[in-house]
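Everything on this sheet refers to the single structure shown next.
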Amino acid sequence: MISLSHVSTTFAARGRKPLTAVDDVSLEVPRGSIQGIIGFSGAGKSTLLRNINLLERPTSGRVSVGGTDLTSLDDTALRRARHQIGMIFQGFNLVNNLSVAQNVELSLKFAGVTSRRERQARVSEALEIVDLTEKTSVYPAQLSGGQKQRVAIARALATKPEVLLCDEPTSALDPFTTATVLQYLADVNREFGITVVIVTHEMEVIKALADDVAVMEDGRVVEEFPAAQLRREDFDPQTSIGKYLLSDGIRLDRRSSAEPGPASAPRLASDPDAGSDAGSDRSPQAALAGSAGGVR
């Protein structure tokens, strides 16, 4: 369904060395699957997600969605193709002076749906999917964070997309609300066959939702594996962030400086000792990244 072939994205600023955010990434996402993309801050995962719908046009490489090479389209054809690619943002991106229904309808106006009756029918259908029919006339300021994200999901679904791109969709939500939002994503994937790509720093999100996992580091995909592998006792990821997926948390050295014994860097709770492979290639910052339930 989604095919990325040798995609690279470089940002250049006057007087500064060019920054390669995505470096020669090739990735295949099967139709109807849920693809997770994880990585530490600055790994390039959000840029890669925006490469899929060309909100960030790659410097080089090819992006194909549903058999259409998006990188070869002119602006008019690309706008049409994007109607089949919904996107959910971390910050909800709702228009505060529009009601819930009007926010959802906005995506249909951009998609060129001219019939007001058809727009209203699709808005009602989308809000019913996320159980927000009673909030039609409410404004964003009157909604909780979880409800705002559900409106964003409804807005993305209103155009009946084949692909749904999710950029850190639960990072601003509490654990209970996160589970609720993830359930809606799982439901639309199962019921409508929508292909979902989710970028997140929250490891529990990957474990709960994804079918396949791509691990990014320094702009590259350094490891890929089926999420089902995480349930195998003998599964041994090759990267530090992959090993983090299997850990139960972190362990800190709480001894005072006056106590005997060498100081040690924070490490994963699953590490058997300070010299384990899982901790040997991790910085203290990387080991601490799990303290809030995910990689920051």
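What does the extension gain come out to for residue 31 and residue 231, with contour length at 0.36 nm per residue minus their alpha carbon separation?
That works out to 69.7 nm of additional length.
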>> So if I take the centroid of the Cα atoms in segment 165-180 and the same for segment 12-88, what is the distance between those two points in Å?
In response: 22
> Tell me which lysines have Cα within less than 23 Å of residue 109's Cα, excluding those fewer than 8 residues away on the same chain?
Replying inline: 135, 148, 160
> For labels at residue 114 and residue 68 in the simple 7 Å Cα→Cβ model, what's the distance in nm?
Replying inline: 1.9
>> I need the shape label for segment 85-160. Rule: rounded when a/c is under 1.5, else prolate if a/b > b/c, else oblate, with a, b, c from the alpha carbon gyration tensor.
In response: prolate
> Within a Cβ distance under 10 Å of residue 221, other residues only, what is the Lys/Arg minus Asp/Glu net charge?
Replying inline: -3
> Please identify the chymotrypsin sites (Phe, Trp or Tyr not before Pro) of segment 53-159 that satisfy two criteria: DSSP loop assignment and at most 16 other Cβ atoms within 10 Å. Which are they?
Replying inline: 89
> Along the charge dipole of segment 85-160, which of 146, 114, 132 sits closest to the positive end, that is, farthest toward it, with unit charges on the beta carbon of Lys, Arg, Asp and Glu (+1, +1, -1, -1)?
Replying inline: 114
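Quick one: which of 231-238, 35-42, 120-127 comes out on top by average Cβ neighbours within 10 Å, and what's the full order, highest first?
35-42, 120-127, 231-238
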>> Cβ neighbours within 10 Å, averaged per peptide: list 149-158, 213-222, 183-192 in order, most packed at the top.
In response: 149-158, 213-222, 183-192
> Straight-line reach from residue 17: which lysines have a Cα under 19 Å away, not including same-chain ones fewer than 8 places off?
Replying inline: none
> lysines near residue 243 by alpha-carbon distance under 29 Å, same-chain residues fewer than 8 away left out - which ones?
Replying inline: 45, 207
> Cβ under 15 Å from residue 89's Cβ, residue 89 left aside: what net charge do those residues give with Lys, Arg +1 and Asp, Glu -1?
Replying inline: +3
> Where does the charge balance sit around residue 147 when Lys and Arg score +1, Asp and Glu -1, over other residues with C-beta under 11 Å from its C-beta?
Replying inline: +1
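Where a number appears in this text, it was derived from the coordinates with a stated rule and is not lab data. Everything numeric in this text was worked out from a predicted model, so none of it was measured. Backbone-built Cβ (ideal geometry, glycine too); neighbour counts: all protein chains shown.
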